[in-house]
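Student: Sharing a structure, written as structure tokens. Questions coming.
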Amino acid sequence: MQDLTPSRDSLDPIEIASRDEISALQLSRMKTSLHHAYDNVPHYQAAFEGADVHPDDLKSLSDLARFPFTVKQDLRDNYPFGMFAVPRTEIARVHASSGTTGQPTVVGYTKSDLEIWANVVARSLRASGLKAGDVLHNAYGYGLFTGGLGIHAGAEKLGLMQVPVSGGMTQRQVRLIEDFRADGITVTPSYMLSILDEYRAQGFDPRQSPLKVGVFGAEPWTNAMRAEVEDAFDMHAVDIYGLSEVIGPGVANECVETKDGLHIWEDHFYPEIVDPTTGEPLEDCEFGELVFTSLTKEAFPIIRYRTRDLTRLLPGTARSMRRMEKVTGRSDDMIILRGVNVFPTQIEEQLLTIDTLAPHFQIELIRKGRMDHMIIHVEPTLAAASEIERQASAKQLGARIKSTVGISTEVRASEPGKVARSQGKAVRVVDNRPKS
Ligand code: DLL
């Protein structure tokens, strides 16, 4: 793999500023952001007053803990535009969640917000090892999802030649990567696996592909998956994180030279880790739920937003800004099986240790008698694998999960192509338990 480390002088000075400088900037921006939210969004005014706190009470960064959290339900209650802090006529764009699990949530951007977003995405793509003149194949979905258009603007800002292909039509994805000689690809890690299958189906050697780096995010993925994809394509695989409520992709990104967690662009997004049950702030290095406060957003300031993503904060390495460890999962995705907490990423990790099984998987939950039961659907690597070989691989995975995660599962290895493929965010868990 090529060394893609960006030169020190190509970085934004704040990325490598002293911690004191970063904290001073955060404090002054946080004061402005709290005032902006309080003065212009009735929800924040009521919530701050309910907690008996005023923006003037913020004297140091740690005073932020006195302010109330914002949760997804607050956004739903204020659907569609109630959380906006500027007149509707100043909104340049909206994005929205799909709303498959409830009422959709809407976020808005002024022109200045879009500019900041493009800058943090450009910073993320540069940290990933891309530079002006490179070709970027952007396979995140375009539309109301923030992935496609978010990456798009940052890629233009960095001076890349962008192929705005969006998700789907996997055969064409492979053809365009090859014909246009893409240096980089932005896509969900699960869809990258579908592209990998298609590479092989078309008879291309993925290790000979022009790709030098993949920038993967929008869903949890493991270091084991990183190793799998890096080896398959002979390219770097780096992690990009973000969420619509905070801005979209580009809240945090790994550096290609270290790949040791994601540097949070702390000059725009202030992170905290809290205990997911009590909401008490935790120290850096302690594991808990990630919470964000926007420092510069105009249209949709967000104060202490509970992301539900579980991780911990670590000191900076390649940049001065703090890192977040790869996200283990969302607290909503945690499965409690007969008293044991399980995340789909733990299943992924074990699956990738077994060479005879492909990296595709889906978890199905059912009820057997009065007990919850987990079925893990997987596939053999080889199309020609016999029934006996498939069963042996399935048994091996079941045993690994039992000994590492501590749960008994039923692993079903069917023919290749049977496990649902993703063209965006993978659906890892299908809950077929009767609703009580
Ligand atoms: O997924 C934004 C995005 C697009 C990020 C493209 C990266 C690349 P939402 O649809 O609002 O926004 O979903 C946000 O996705 O709270 C996490 O649970 C999950 N997520 C995003 N990035 C990662 C990641 C976009 N790198 C939700 N690792 C977040 C793990 C991630 N989970």
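Student: On the given criteria, is residue 234 surrounded by fewer than 21 Cβ atoms within 10 Å (Cβ to Cβ), within 16 Å of the ligand (Cβ to nearest atom) and either at pLDDT 95 or above or farther than 30 Å from residue 293 by Cα (or both)?
Tutor: Here the answer is no, as residue 234 does not meet what is asked.
Student: Could I ask something else about it? What are the residues in the stretch 75-97 that are polar (S, T, N, Q) and surrounded by 14 or more Cβ atoms within 10 Å (Cβ to Cβ), if any?
Tutor: 78, 97
Student: Show the residue pairs meeting these rules: Cβ distance below 6 Å; 6+ apart or different chains; first residue within the stretch 216-238 and in a loop (DSSP other than H, G, I, E, B); second residue more than 15 Å from the ligand (Cβ to nearest atom) and of a type in the set (D, E, K, R).
Tutor: Here the result reads 234/207; 235/212, each pair linking the stretch 216-238 to a residue that is more than 15 Å from the ligand (Cβ to nearest atom) and of a type in the set (D, E, K, R).
Student: For residue 229, are the conditions met, namely being more than 6 Å from the ligand (Cβ to nearest atom) and touching a Pro at 6+ places or on another chain (Cβ under 8 Å)?
Tutor: So residue 229 passes the test.
Student: Please verify whether the stretch 304-316 includes one or more residues that are of a type in the set (Val, Ile, Thr) and under 19 Å from the mean Cα position of the chain (by Cα).
Tutor: Yes: one or more hits.
Student: Would you confirm whether any residue within the stretch 171-188 is more than 12 Å from the ligand (Cβ to nearest atom) and either modelled with pLDDT under 95 or aromatic (Phe, Trp, Tyr) (or both)?
Tutor: Checked the stretch 171-188: at least one residue is more than 12 Å from the ligand (Cβ to nearest atom) and either modelled with pLDDT under 95 or aromatic (Phe, Trp, Tyr) (or both).
Student: Just to be sure I understand, how many residues within the stretch 189-201 are open to solvent by less than 50 Å² (accessible area, probe 1.4 Å) and either of a type in the set (Asp, Glu) or at pLDDT below 95 (or both)?
Tutor: 1
Student: Same structure again: Hey, can you tell me all the residues within the stretch 99-141 that are free of Cβ contacts under 8 Å to residues at least 12 places away in the same chain and open to solvent by less than 40 Å² (accessible area, probe 1.4 Å)?
Tutor: Within the stretch 99-141, 99 is the sole residue that qualifies.
Student: Could you give every pair whose Cβ atoms fall below 7 Å, whose first residue belongs to the stretch 243-256 and is acidic (Asp, Glu), and whose second residue is near the ligand (Cβ under 8 Å from one of its atoms) and at pLDDT 95 or above, counting only separations of at least 6 or pairs across chains?
Tutor: Correct list of pairs: 254/239; 254/262.
Student: Counting residues that are within 30 Å of residue 33 (Cα to Cα), which strands (runs of 3 or more DSSP E) fully inside the stretch 304-418 reach at least 1?
Tutor: Per the criteria, 305-311.
Student: Still on this model: Among the residues in the stretch 292-301, are any modelled with pLDDT of 95 or more, farther than 22 Å from residue 126 by Cβ and surrounded by fewer than 16 Cβ atoms within 10 Å (Cβ to Cβ)?
Tutor: No; the residues of the stretch 292-301 include none that is modelled with pLDDT of 95 or more, farther than 22 Å from residue 126 by Cβ and surrounded by fewer than 16 Cβ atoms within 10 Å (Cβ to Cβ).
Student: Looking at the stretch 373-417, which of its residues are in contact (Cβ under 8 Å) with a residue 24 or more places away in the chain and of a type in the set (Val, Ile, Thr)?
Tutor: Passing the criteria: 375, 376, 378, 381, 401, 404, 405, 407, 409, 411.
Student: Would you mention how many residues in the stretch 142-159 are without any contact (Cβ under 8 Å) to a residue 60 or more places away in the chain, within 12 Å of the ligand (Cβ to nearest atom) and either touching a helix residue (DSSP H, G or I) at 6+ places or on another chain (Cβ under 6 Å) or charged (D, E, K, R) (or both)?
Tutor: The total comes to 1.
Student: Next up: Quick one: count up the residues across the stretch 1-56 that are of a type in the set (Asp, Glu), touching a His at 6+ places or on another chain (Cβ under 9 Å) and surrounded by fewer than 15 Cβ atoms within 10 Å (Cβ to Cβ).
Tutor: Looking only at that region, the number is 1.
Student: Enumerate the pairs (first residue in the stretch 186-202 and farther than 21 Å from residue 130 by Cα and in a loop (DSSP other than H, G, I, E, B); second residue anywhere and of a type in the set (Lys, Arg) and open to solvent by 10 Å² or more (accessible area, probe 1.4 Å)) with beta-carbon separation below 9 Å, excluding pairs fewer than 6 apart on the same chain, so at least 6 apart or on different chains.
Tutor: The qualifying pairs are 202/175.
Student: I'd like to know if the stretch 95-103 contains one or more residues that are out of contact with any Phe, Trp or Tyr (no Cβ under 6 Å at 6 or more places or on another chain) and modelled with pLDDT of 95 or more.
Tutor: Scanning the stretch 95-103, I find at least one residue that is out of contact with any Phe, Trp or Tyr (no Cβ under 6 Å at 6 or more places or on another chain) and modelled with pLDDT of 95 or more, so the answer is yes.
Student: Among the listed residues 146, 105, which satisfies the condition of being closer than 14 Å to residue 249 by Cβ, touching a Ser or Thr at 6+ places or on another chain (Cβ under 6 Å) and β-branched (Val, Ile, Thr)?
Tutor: Result of the check over 146, 105: 146.
Student: Only residues that are open to solvent by 10 Å² or more (accessible area, probe 1.4 Å) and either in contact (Cβ under 8 Å) with a residue 40 or more places away in the chain or in a helix (DSSP H, G or I) (or both): list them for the stretch 167-185, please.
Tutor: Residues satisfying the conditions are 167, 170, 171, 172, 175, 176, 178, 179, 180, 181, 183.
Student: For the stretch 314-346, enumerate the residues that are open to solvent by less than 30 Å² (accessible area, probe 1.4 Å) and within 15 Å of the ligand (Cβ to nearest atom).
Tutor: 323, 324, 326, 327, 329, 343, 344, 345
Student: If you don't mind, another one. Residues that are within 11 Å of the ligand (Cβ to nearest atom), within 29 Å of residue 347 (Cβ to Cβ) and not polar (S, T, N, Q): does the stretch 205-216 have at least one?
Tutor: Scanning the stretch 205-216 turns up at least one residue that is within 11 Å of the ligand (Cβ to nearest atom), within 29 Å of residue 347 (Cβ to Cβ) and not polar (S, T, N, Q).
Student: Kindly indicate which of 149, 130, 144, 176 is under 16 Å from the mean Cα position of the chain (by Cα) and not β-branched (Val, Ile, Thr).
Tutor: Checking each option against the conditions leaves just 149.
The values are calculated or read from the model by the stated rules, or taken from the named source; none is laboratory data. No experiment lies behind these values; they were computed from the predicted model shown. Reconstructed Cβ throughout: ideal geometry from the backbone, glycine too, with neighbour counts over all protein chains shown. The accessibility values were calculated without ligands, DNA or RNA, using every heavy atom of the protein model including side chains. Shrake-Rupley method; radii C 1.70, N 1.55, O 1.52, S 1.80 Å.
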